[in-house]
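**Q** Have a look at the structure that comes next, please.
The values are calculated or read from the model by the stated rules, or taken from the named source; none is laboratory data. Because the structure is predicted, anything quoted here is derived from the model rather than measured. Note: ideal-geometry Cβ built from the backbone for every residue, glycine included; neighbour counts use all protein chains shown.
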Amino acid sequence: MNTDHSIDAAERGQKKAGKRIIFALLLCLGAGPGFAAPGAAAARPDGVKLELFFEPLDGEGWQLFFLADTVQRRLGAAGLKVYPLVAKDKDGHFSAKRGEPELAEALRLAVLVRSYPGKLLSYLGARSMSPAADGWRDAAVFAGINPDELERRVAADGQAALAAAAARATGAGISATTLLVDGKPYEGSRRLMSLYEAVNAALPAARRIAPPAGYKPRPKAPPPGFWVVLSSGMKKNEALVGAFDRYFEDIKPSVLDYDSAERAGKFPRLDYAPAYIIAATPDARARLEKELQAGVFKEADGYLVYEDRQGRGFYASRAVKENTLELFVMSECPFGVSAENAVLAAEKDGLLPPGLKLEIHFIGDAKKSTATAAGGWEFSSLHGEPEWRENARQLFISSRFPEKFKTYLLERNKDIKSPDWEKAAKAAGIDAAAVAAGAGEAADMLAGDFAKTTALGINSSPTFVLGGRAVMMGLGELVKTPGYEKIPAPGQTGAGCNK
């Protein structure tokens, strides 16, 4: 995402990824104001306890909230509590995957849980309809809370409240978005009636709601075969599994390790992991017709393959690049700039593996043109023409002045939006006139670099590729990798700019 801090910003960032837009839309179905009216039902002593743990800017968590809130209001005998999920580093500091906006919302939710438990669901319902960065104030007023008082409580008690919420999650063994039904994780379909039936069945017999008179459920079509192929260090993306479930009710994946003999025998030509694979039955092809037309899936050997490029990944068929770290960025992306600065600082301080080679590549699009102003190319970049021109300059400098490139990059990143790139060149001892004269050659370099990045399917800045194959989206993922834990991570390590 860029600087959009709305409740579903992470989902919208994913939806910008080229041909994957149609399928990505499914990840946030239900995440909208039409699906949940605010309200809170008191849990009865003999009812069912629902507890939702989620990241406050995560679309999957919001979808579960809408479902759970709707179910608890209908059943009456079911109560619902919501707790924010955050991470805690070795120094005891809290952080959130989507940066400071998510952490701020987590603090507010933790205080609501502790100080305003009866108004929490009203706040969340209103917050879903007020997704702007300051929409929490309207949500607070709607829930009957003075937003200034809430802000004061967050400042005074937020850390302690968040620690209590984190301890509750840890005590329940929860580290990812989870809905508990009487203390047990809900593993059913992310559909309203599936959750409704599960909660209704968990109620005491006297509290259950019978189906309408004469109602007979329609038989469900059996789902097609479904496999998830993961490599070392990867986790199944429950939001994606939920997206497939919206096409094929009650579909359950078989999880295979990329290095297993079963995977090699069943999917020998797999290029990338994680991969979500559906048997290409006539019914599956019919239900996924639009996505197939849009190129969302690859087809091979009677299967439809969706490559999940949202987190950690593995280029199975790409050549190994020993002791090489590739960093893919947009030169004016603030998250990319922070990642560059952090990696270069770690290199200077000897915190990276010895002898590591760092390569910087760029994200954007290029096509041939009859115009000559850009060397025969037409370029597009998320942050506009100044960005792709800076991309080209950096490629040229790294090729013609390799020993001075990192100095230039650090100087340029001090004020990347400034048009005065010559100032950084001068500070690095680079002949600015030579760089300007090489604009045509730089354009050809940029076109080639864009083509390589596009072929890899990389759309998010920053993205790291280690050793030619291991893919990590965001600095927060890189610092989890052995040998890179000491990189000084800036704020909002899980965020990025998406093409």
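**Q** Does Lys423 qualify as being assigned by TED's automatic domain parsing to the domain that holds Val329, assigned to a loop (DSSP other than H, G, I, E, B) and more than 17 Å from Pro462 (Cα to Cα)?
**A** Considered against the rule, which asks whether it is assigned by TED's automatic domain parsing to the domain that holds Val329, assigned to a loop (DSSP other than H, G, I, E, B) and more than 17 Å from Pro462 (Cα to Cα), Lys423 comes out as no.
**Q** Could you list all residues from segment 167-211 that are over 13 Å from Leu64 (Cα atoms), of a type in the set (A, V, I, L, M) and part of a helix (DSSP H, G or I)?
**A** Selection gives Ala167, Ala169, Ala198, Val199, Ala201, Ala202, Ala205, Ala206.
**Q** On the basis of being in contact (Cβ under 8 Å) with a residue 12 or more places away in the chain, within 19 Å of Val113 (Cβ to Cβ) and of a type outside the set (Val, Ile, Thr), does Arg191 make the cut?
**A** no
**Q** Exactly one condition in (1) of a type in the set (S, T, N, Q); (2) surrounded by 19 or more Cβ atoms within 10 Å (Cβ to Cβ); (3) modelled with pLDDT of 95 or more is not met by Thr493; state its number.
**A** Evaluating Thr493 over (1) of a type in the set (S, T, N, Q); (2) surrounded by 19 or more Cβ atoms within 10 Å (Cβ to Cβ); (3) modelled with pLDDT of 95 or more leaves (3) as the failure.
**Q** Name the residue, out of Ala339, Ala366, Ala319, that is more than 13 Å from Phe464 (Cβ to Cβ), touching a Gly at 6+ places or on another chain (Cβ under 9 Å), among the aliphatic types (A, V, I, L, M) and buried (at least 17 other Cβ atoms within 10 Å of the Cβ).
**A** When all the criteria are applied, what remains is Ala366.
**Q** Only one of Gly233, Gly158, Gly144, Gly214 is without any contact (Cβ under 8 Å) to a residue 12 or more places away in the chain and either among the small types (Gly, Ala, Ser) or assigned to a strand (DSSP E or B) (or both); which?
**A** Gly214
**Q** Have a look at Ala470, Ala437, Ala443, Ala425 and point out the one that is surrounded by fewer than 21 Cβ atoms within 10 Å (Cβ to Cβ) and farther than 30 Å from Lys88 by Cα.
**A** Every option except Ala437 fails the conditions.
**Q** If a residue has to be in a loop (DSSP other than H, G, I, E, B), more than 17 Å from Glu477 (Cβ to Cβ) and not charged (D, E, K, R) to count, how many in segment 90-104 make the cut?
**A** 2
**Q** For segment 268-282, which residues satisfy the criterion of being surrounded by fewer than 21 Cβ atoms within 10 Å (Cβ to Cβ) and not basic (Lys, Arg)?
**A** Within segment 268-282, Pro268, Asp271, Ala279, Ala280, Thr281, Pro282 qualify.
**Q** Additional query: Would you confirm whether any residue within segment 314-335 is of a type outside the set (Asp, Glu), in a helix (DSSP H, G or I) and closer than 20 Å to Leu475 by Cα?
**A** The answer is yes; a qualifying residue exists.
**Q** Of a type in the set (A, V, I, L, M), in a helix (DSSP H, G or I) and under 21 Å from Val471 (Cα atoms), is that true of Leu270?
**A** Details: of a type in the set (A, V, I, L, M): yes; in a helix (DSSP H, G or I): no; under 21 Å from Val471 (Cα atoms): yes.
Answer is no for this residue.
**Q** For segment 49-79, what are the residues that are assigned to a loop (DSSP other than H, G, I, E, B) and either in contact (Cβ under 8 Å) with a residue 60 or more places away in the chain or under 28 Å from Ala205 (Cα atoms) (or both)? Spell out the reasoning first.
**A** First, pick out the residues of segment 49-79 that are assigned to a loop (DSSP other than H, G, I, E, B): 55-58, 76-77.
Hits for segment 49-79 are Glu55, Asp58, Gly76, Ala77.
**Q** What's the number of the condition Val465 fails, among (1) in contact with a helix residue (DSSP H, G or I) (Cβ under 7 Å, 6 or more places away or on another chain); (2) modelled with pLDDT of 95 or more; (3) on the phi < 0 side of the Ramachandran plot; (4) not in a helix (DSSP H, G or I)?
**A** (1)
**Q** Identify, please: which residue in segment 207-245 is among the hydrophobic types (A, V, I, L, M, F, W, C) and more than 36 Å from the chain's Cα centre (by Cα) and is, among those, farthest from Gly47 (Cα to Cα)?
**A** Looking at the filtered set, the residue picked out is Ala213.
**Q** Being more than 20 Å from Asp58 (Cα to Cα), of a type outside the set (D, E, K, R), modelled with pLDDT of 95 or more and part of a loop (DSSP other than H, G, I, E, B), is that true of even one residue in segment 113-126?
**A** yes
**Q** Which of (1) part of a loop (DSSP other than H, G, I, E, B); (2) within 18 Å of Gly364 (Cα to Cα) does Gly440 not meet, given it meets every other one?
**A** Unmet for Gly440, out of (1) part of a loop (DSSP other than H, G, I, E, B); (2) within 18 Å of Gly364 (Cα to Cα): (1).
**Q** Is there a residue in segment 285-307 that is loosely packed, with under 14 Cβ neighbours inside 10 Å and in a strand (DSSP E or B)?
**A** Yes, because at least one residue in segment 285-307 is loosely packed, with under 14 Cβ neighbours inside 10 Å and in a strand (DSSP E or B).
Conditions tested, residue by residue: (1) over 24 Å from Lys348 (Cβ atoms); (2) modelled with pLDDT of 95 or more; (3) assigned to a loop (DSSP other than H, G, I, E, B).
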{"position": "Glu411", "(1), (2), (3)": "no, yes, no"}
{"position": "Lys414", "(1), (2), (3)": "no, yes, no"}
{"position": "Asp449", "(1), (2), (3)": "yes, yes, no"}
{"position": "Thr454", "(1), (2), (3)": "yes, no, no"}
{"position": "Gly476", "(1), (2), (3)": "no, no, no"}
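**Q** Just to be sure, is Gly173 at pLDDT 90 or above, closer than 26 Å to Thr481 by Cβ, loosely packed, with under 12 Cβ neighbours inside 10 Å and not assigned by TED's automatic domain parsing to the domain that holds Ala470?
**A** yes
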